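Visitor: Okay, here's the structure, questions in a sec.
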Amino acid sequence: MHILRCLLFSCLMLTCPWIATKMTQGFRLAKLQVHLPAHTKWDAPAPESLSEILDQPFHFLGKGMQSFVFASEDGRYVIKFFRFDKQQDKTQYTHLFDACTMAYHQLRVETGLIYIHLNPTQGLPLIHCKDPLGRSTHIALDPLRFVIQRRGEEFEKTLLEARTDPAKMKQRLDQWFALIQARASLGIWNQDSNLTRNFGFLEDRAIELDFGNYHTEGANAPSTEIERCRQKMRLWLSKNAPEWIPYLNSTH
């Protein structure tokens, strides 16, 4: 009996870290810190609306490949704190910040970006956040690297709800295609072409939620990039709304 208790206790001790990581999704304030030199090319002015946006609580929304995401209480914005893992090459972050800068300066409307904070600053407020366990904490923004973005409706949910409404579905497909055209015309391509993860919708437009893999090097010609993205949409429609493939083919 004593041996059994010891085994159970040992198993519990071994699984506790795993359970804690699953519950918190790996979020720790220490993972938001990185020592990288500042570059003026990453600078961006704070918008007039920044104080109003940050003067509200944020709650943990989820974890992406590159960031921890918190949503504003009013449901209109997300703040994405970039995650820094010790084992990763810091050149990856340089490429990431270059992609964010490209998105902010050239495709701000198409990505819903409000602000990018890629260099340490002074003067930003503390913000009140709730972590994955619902615990309140205040985060000092000045030393961190993050972006603030409009919170879009999910790509798949939006299109599935619109597919039985011809006017709405046409509008959404047109909005998505306009975004692809705008990006392709600038010679920018997204190395990660996952539709459901990368795109979302606002009331008046589609937005590319994930722009951390934007590149110009090795970019396809605009027509080739458009066709690459169109084919991704055809595949999605073939599984979820095949009746809309003719519209995509005939009008785009």
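The values are calculated or read from the model by the stated rules, or taken from the named source; none is laboratory data. Predicted model, so just to flag it, every value in this text is computed and none were measured. Cβ placement follows ideal geometry from the backbone for every residue including glycine, while neighbour counts extend to all protein chains displayed.
Visitor: Considering every residue within the range 170-187, establish whether at least one is in contact (Cβ under 8 Å) with a residue 12 or more places away in the chain, in contact with a Pro (Cβ under 8 Å, 6 or more places away or on another chain) and outside any helix (DSSP H, G or I).
Guide: Yes; the residues of the range 170-187 include at least one that is in contact (Cβ under 8 Å) with a residue 12 or more places away in the chain, in contact with a Pro (Cβ under 8 Å, 6 or more places away or on another chain) and outside any helix (DSSP H, G or I).
Visitor: Val147 is checked against (1) part of a strand (DSSP E or B); (2) exposed (fewer than 12 other Cβ atoms within 10 Å of the Cβ) and fails just one. What number does that condition carry?
Guide: Val147 satisfies all of (1) part of a strand (DSSP E or B); (2) exposed (fewer than 12 other Cβ atoms within 10 Å of the Cβ) except (2).
Visitor: Please list, ordered by first then second residue, the pairs with beta carbon atoms under 6 Å, 6 or more apart or interchain, first in the range 122-134 and over 12 Å from Phe60 (Cβ atoms), second not in a strand (DSSP E or B).
Guide: Once the first residue is over 12 Å from Phe60 (Cβ atoms) and sits in the range 122-134, its partners that are not in a strand (DSSP E or B) give Gln122/Asp142; Leu124/Leu141; Leu124/Asp142; Pro125/Leu54; Ile127/Leu54; His128/Pro57.
Visitor: For the range 151-159, does any single residue satisfy the condition of being of a type in the set (Val, Ile, Thr), in contact (Cβ under 8 Å) with a residue 24 or more places away in the chain, in a strand (DSSP E or B) and in contact with a strand residue (DSSP E or B) (Cβ under 9 Å, 6 or more places away or on another chain)?
Guide: Let us first name the residues in the range 151-159 that are of a type in the set (Val, Ile, Thr), namely 158.
Within this subset, residues satisfying the condition of being in contact (Cβ under 8 Å) with a residue 24 or more places away in the chain are 158.
Remaining after also requiring in a strand (DSSP E or B): none.
No, there is no match, as no residue in the range 151-159 is of a type in the set (Val, Ile, Thr), in contact (Cβ under 8 Å) with a residue 24 or more places away in the chain, in a strand (DSSP E or B) and in contact with a strand residue (DSSP E or B) (Cβ under 9 Å, 6 or more places away or on another chain).
Visitor: Check the range 81-90 and report whether any residue there is at negative phi, surrounded by fewer than 21 Cβ atoms within 10 Å (Cβ to Cβ) and part of a helix (DSSP H, G or I).
Guide: First, the residues of the range 81-90 that are at negative phi: 81-90.
Now restrict to residues that are surrounded by fewer than 21 Cβ atoms within 10 Å (Cβ to Cβ): 83-90.
If we keep only those that are part of a helix (DSSP H, G or I) too, we end up with 90.
Yes, because at least one residue in the range 81-90 is at negative phi, surrounded by fewer than 21 Cβ atoms within 10 Å (Cβ to Cβ) and part of a helix (DSSP H, G or I).
Visitor: Look at the range 219-252 and say how many of its residues are free of Cβ contacts under 8 Å to residues at least 12 places away in the same chain and either under 21 Å from the mean Cα position of the chain (by Cα) or not in a helix (DSSP H, G or I) (or both).
Guide: 1
Visitor: Would the range 150-163 turn up any residue that is touching a Phe, Trp or Tyr at 6+ places or on another chain (Cβ under 6 Å), β-branched (Val, Ile, Thr) and not assigned by TED's automatic domain parsing to the domain that holds Glu48?
Guide: Initial filter on the range 150-163 (touching a Phe, Trp or Tyr at 6+ places or on another chain (Cβ under 6 Å)): 151-153, 155, 158.
From what is left, the residues that are β-branched (Val, Ile, Thr) are 158.
With the extra rule that they be not assigned by TED's automatic domain parsing to the domain that holds Glu48, the set shrinks to 158.
Yes - at least one qualifying residue is present in the range 150-163.
Visitor: If you check Thr216 against the conditions, is it touching a strand residue (DSSP E or B) at 6+ places or on another chain (Cβ under 9 Å) and either at pLDDT below 95 or of a type in the set (Asp, Glu) (or both)?
Guide: yes
Visitor: Then there is this: Go through the range 219-252 residue by residue and tally those that are surrounded by 12 or more Cβ atoms within 10 Å (Cβ to Cβ), of a type in the set (Asp, Glu) and either closer than 22 Å to Leu160 by Cβ or modelled with pLDDT of 95 or more (or both).
Guide: The qualifying residues number 0.
Visitor: While we're looking at this one, here's another question. Looking at the range 91-138, which of its residues are more than 19 Å from Arg76 (Cβ to Cβ) and assigned to a strand (DSSP E or B)?
Guide: Leu126, Ser136, Thr137, His138
Visitor: Where residues in the range 33-92 are within 20 Å of the chain's Cα centre (by Cα), of a type in the set (D, E, K, R) and at pLDDT 95 or above, which of them is farthest from Glu153 (Cα to Cα)?
Guide: So the residue we want is Asp43.
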